[in-house]
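A quick write-up on the structure given underneath.
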């Protein structure tokens, strides 16, 4: 029996210990016909003391939970949503020598494989499912595709490698088929965004052999318009680097200082989820349900909804820089306010001495 829209909007997050292997989960059961299994990106900057995987402290889990909230809302109430709290590699690990990084990554992928097996055994119940991840999470999705058996693969709606590449070697695997259009099932969607081809970040783009534009679902250089946060740009596939070149943005506005230690100026890796949120949501519906909403009681999701998601994400993101009171974020976390209500809250950059000032003038 499907839940009323009231409960779909206000669903509380269930993050509890699974018992087997002490896996901790973010679960959102919507009585939907299909699932999303989501793997978070690198939300832990450092574990300290020469440790390069998250310790999963409460602070670590809070960072992961912010992304899980966003990803769950991105895919919407049309899907059941599951995401493991896993010992991801920290951002510090991106600076390791290749051999050292590979050793860390092997431990991470082993854990993610166990998590996915647990999900299949205890949560999935034979339903079709989407695999999705951003950045490090996309790397994890790629590894799961390589290890799943044919029966599990037969239920794969699509895999979304947001902010990560597909190499020629990856495409030799029978379960990894690059998406060429908007509707095919069992395919893998892959893209990375840059302001120019010389802004490629090797960690996430090196060796790319394909790319698809999520705004028009083509793999050639046909441009598509992007509208984001009041700005407009053009997005097209660059076949030389197999990245998405986003032309026309104010590059200063879209800097992300945390990544500048590792990625070239003009790399837009941080924005790969945010720029294409509405397109990803609509495409997931198309691939899973033929574009039909699986339940009439669910609210339709479109540009306005994803504008609200952006505002909510921005509120949470700038809190990391101590620009919004933690009390406000705690209120949002505890009561899980409907995201569409937060479209009225606009947070402006503030000087440090005013870090707990929140502009509510648009309420």
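Overview of results
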read-out	value
Residue within region 63-78 that is crowded, with 19+ Cβ neighbours inside 10 Å, modelled with pLDDT under 90, at negative phi and in contact with a strand residue (DSSP E or B) (Cβ under 6 Å, 6 or more places away or on another chain) present	no
Residues located in region 1-31, provided they are touching a helix residue (DSSP H, G or I) at 6+ places or on another chain (Cβ under 9 Å), part of a loop (DSSP other than H, G, I, E, B), under 16 Å from residue 76 (Cα atoms) and modelled with pLDDT of 50 or more	29, 30
Flag if residue 101 is surrounded by 13 or more Cβ atoms within 10 Å (Cβ to Cβ), in contact with a strand residue (DSSP E or B) (Cβ under 9 Å, 6 or more places away or on another chain), modelled with pLDDT of 95 or more and assigned to a helix (DSSP H, G or I)	no
Residue 267, sole failed condition from (1) without any contact (Cβ under 8 Å) to a residue 40 or more places away in the chain; (2) more than 26 Å from residue 172 (Cα to Cα); (3) within 22 Å of the chain's Cα centre (by Cα)	(1)
Criterion violated by residue 237 - all others in (1) closer than 26 Å to residue 37 by Cα; (2) under 21 Å from the mean Cα position of the chain (by Cα) satisfied	(1)
Leading residue by the ranking (surrounded by the most Cβ atoms within 10 Å (Cβ to Cβ)) among those in region 155-209 that are free of Cβ contacts under 8 Å to residues at least 24 places away in the same chain and under 26 Å from residue 127 (Cβ atoms)	177
Selected residue [surrounded by fewer than 17 Cβ atoms within 10 Å (Cβ to Cβ), closer than 22 Å to residue 176 by Cβ and at pLDDT below 95] from 114, 106	106
Matching residues in region 34-52 - criterion: being within 23 Å of residue 73 (Cβ to Cβ) and either assigned to a strand (DSSP E or B) or out of contact with any strand residue (DSSP E or B) (no Cβ under 9 Å at 6 or more places or on another chain) (or both)	35, 36, 37, 38, 39, 43
Residue that is surrounded by the most Cβ atoms within 10 Å (Cβ to Cβ) [pool: residues in region 228-256 that are at negative phi and without any contact (Cβ under 8 Å) to a residue 12 or more places away in the chain]	255
Odd one out for residue 83, checked against (1) surrounded by fewer than 23 Cβ atoms within 10 Å (Cβ to Cβ); (2) in contact (Cβ under 8 Å) with a residue 40 or more places away in the chain; (3) touching a helix residue (DSSP H, G or I) at 6+ places or on another chain (Cβ under 6 Å); (4) within 17 Å of residue 138 (Cβ to Cβ)	(1)
Verdict on residue 207 being modelled with pLDDT under 95, closer than 27 Å to residue 91 by Cα and touching a strand residue (DSSP E or B) at 6+ places or on another chain (Cβ under 9 Å)	no
Test for residue 218: is it in contact with a strand residue (DSSP E or B) (Cβ under 9 Å, 6 or more places away or on another chain), loosely packed, with under 14 Cβ neighbours inside 10 Å, modelled with pLDDT of 95 or more and under 22 Å from residue 160 (Cα atoms)	no
Of all residues making up region 223-240, the number that are touching a strand residue (DSSP E or B) at 6+ places or on another chain (Cβ under 6 Å) and part of a loop (DSSP other than H, G, I, E, B)	1
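The values are calculated or read from the model by the stated rules, or taken from the named source; none is laboratory data. Note that the structure is a prediction, hence the values are computed from the model and not measured. All Cβ positions, glycine included, derive from the backbone under ideal geometry; neighbour counts span all protein chains shown.
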